[in-house]
Amino acid sequence: MPISRKIRKRFGQNFLVDKNIIRKILLSINPQKTDCFVEIGPGRGALTFPMLSHIDALDVIEIDKDLAENLSIHEQSSKLHIHCMDALKFDFKTLYKNGQKLRLVGNLPYNLSTPMLFHFLDYSGIVEDLHIMLQKEVADRMCSQPNRKTFGRLSVAIQARCQIKKLFDVKPNSFYPKPKVVSTMIRLIPDRILKDDLANQLNCVLKLAFSKRRKKISNALKTLFELNDFEKLGIDPVKRPENLTVDDYINLSRSITD
Ligand code: SAM
């Protein structure tokens with residue numbers, strides 16, 4: 001297969017080259033023949049082709065035209081549906097057929113991992129699970145618990161909708177070119193569907209709260225809530241945004257939509 005040798009930094013291209021890690025990822029994903037998989041950023045196919053030996057078909061979304069073209073002329077390309085476009089603009093609903101939920105996989109470009117996660121969250125109702133690799137620092141924020149500095153908007157937005165499990169870390173020398181940071185493979189399983197109006201309200205509350213994380217919650221959210229709103233929900237208004245729980249944020253958002 002003619003490989004595009006150009007490494008496009010702007011697309012966060014760090015290709016997996018460590019066969020042991022690729023095997024470990026496959027074991028974690030445990031692909032089954034008729035699963036409906038979508039891979040984000042297949043690149044040179046490090047995960048794509050090993051996955052294809054277990055499944056019948058695979059949708060892939062790749063922004064780099066040269067890499068997409070290389071994939072299209074590979075001997076196994078007949079099993080691939082290639083979408084050459086920005087995954088942030090991809091409508092995953094177009095792949096949801098006959099009630100079969102999607103399984104998403106990706107070694108995400110570092111610069112895009114947070115916006116990609118927020119984009120996936122819009123589709124959590126049609127997703128069975130998500131196995132993604134991203135920088136360890138982002139994985140730590142996703143899993144973080146209240147009262148920690150790393151607990152923030154991303155932690156709440158993810159944990160409000162998904163179970164999250166850190167699978168394993170991956171060192172820079174498992175990639176070419178080597179990234180500067182350690183990566184982490186994680187699994188997300190959506191376990192709560194938020195209706196659109198609640199999801200939108202949660203998003204507003206989180207943006208506002210964590211843009212003022214050193215303030216008391218009653219101050220940070222003063223444009224949305226009165227002091228007694230916090231008391232009614234059993235939330236101490238002098239707490240800081242990082243001291244509230246995921247359920248506190250859901251209850252606050254729900255009190256606006258109800
Ligand atoms: N999956 C391959 C691997 O593990 O070797 C490549 C991983 S590399 C970290 C990220 C891949 O995502 C690259 O192929 C890059 O071109 C692609 N990519 C970057 N931004 C993208 C976007 N917005 N939409 C779709 N693909 C994107």
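In a GNM of the chain with a 10 Å cut-off on Cα contacts, which of Asn98, Asn20, Asn173 has the highest mean-square fluctuation?
Asn98
Tally up the carbon and sulfur contribution to the accessible surface of the chain as a whole percent, 1.4 Å probe, everything protein left in place. Write down the numbers at each step before the final one.
Details: 6400 of 12990 Å².
Reported share for carbon and sulfur atoms: 49 percent.
Check region 147-258 and count each lysine pair with an alpha-carbon distance under 21 angstrom, considering only pairs eight or more places apart or from different chains.
Here the count comes out as 22.
Between Thr34, Thr150, Thr223, where does the largest GNM mean-square fluctuation fall for the chain, given springs only between Cα atoms within less than 10 Å?
Maximum among the listed residues: Thr223.
Mind listing the Cα extents of region 103-196 along all three principal axes, in Å, largest one first?
42, 32, 21
Report Rg (one decimal) and Dmax (nearest whole number) for the chain, counting Cα atoms only, units Å.
Cα only, the chain: 20.0, 65 Å (Rg, Dmax).
Provide the descending list of Cα extents for region 43-90 along its principal axes, expressed in whole angstroms.
Its Cα atoms span 28, 18, 17 Å along the three principal axes.
From the P(r) of region 112-166, can you give the percent of Cα pairs sitting at distances over 16 Å?
Values: 544 of 1485 pairs.
Looking at region 112-166, the distances longer than 16 Å represent 37 percent of pairs.
Compute the accessible area per residue over the chain, keeping the other protein chains in place, probe 1.4 Å, unit Å². Write down the numbers at each step before the final one.
Working: 12990 Å² over 258 residues.
On a per-residue basis, the chain sits at 50 Å².
How much of the DSSP bridge set in the chain is antiparallel, in percent, rounded to the nearest 5?
Working: 16 of 35 bridges.
Counting only bridges with both partners in the chain, antiparallel ones make up about 45 percent.
Under 8 Å for C-alpha pairs, at least 6 residues apart: give me the relative contact order for the chain, rounded to a whole percent.
Numbers: 422 pairs, mean separation 41.1, N = 258.
Reported as a whole number, the value is 16 percent.
Check Phe37: other-chain or 5+ apart residues with amide H under 5 Å from its amide H, H built from backbone geometry?
Asp59, Arg103
The values are calculated or read from the model by the stated rules, or taken from the named source; none is laboratory data. Computed from a predicted model, the values in this text were never measured in an experiment. Calculation scope for accessible area: heavy atoms of the full protein, side chains included, ligands and nucleic acids excluded. Shrake-Rupley method; radii C 1.70, N 1.55, O 1.52, S 1.80 Å.
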